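Chemist: For reference, the structure I am asking about is given below.
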Amino acid sequence: MTSSRYDFEGLWFDIYRKVLKHNEILGDQGLDKSQLREVTTSIFIAQSQRGVVRPMVMNGFTESILKAVSEIKDRTLQESVYKSITETIKNNKKGA
């Protein structure tokens, strides 16, 4: 199954070609074909899981907060904003 955003099949075959190339260098000590597929699949899983991040579902409120604080670079100011938002949420839950 090919995703519209990711070429998983292409990635697997690209990794397989690299594994084959390294295996050829090993000569007689190299892996057999089934081991090569297993190694390739293991590398593929590690590579694709690291690189694929599912988009976070955000509502308009979350997007507006992120946009408003995106320019803050000062760590203490970031912490202050975080604490303020957290306190506001806690107070809102208490009042609800």
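The values are calculated or read from the model by the stated rules, or taken from the named source; none is laboratory data. Remember, it's a predicted structure, so these values are computed and weren't measured experimentally. Heads up, the Cβs are rebuilt from the backbone with ideal geometry, glycines too, and the neighbour counts pull from every protein chain shown.
Chemist: For region 25-96, list the helices (runs of 4 or more DSSP H) that sit wholly inside it and hold at least 3 residues that are at pLDDT 80 or above, hydrophobic (A, V, I, L, M, F, W, C) and not assigned by TED's automatic domain parsing to the domain that holds Phe13; which are they?
Modeler: Ranges flagged: 60-69, 75-95.
Chemist: Then there is this: Please list, ordered by first then second residue, the pairs with beta carbon atoms under 6 Å, 6 or more apart or interchain, first in region 1-22 and modelled with pLDDT of 85 or more, second assigned to a helix (DSSP H, G or I).
Modeler: Qualifying pairs under 6 Å: Trp12/Phe44; Ile15/Thr40; Ile15/Ile43; Ile15/Phe44; Tyr16/Thr40; Val19/Leu36; Val19/Val39; Val19/Thr40.
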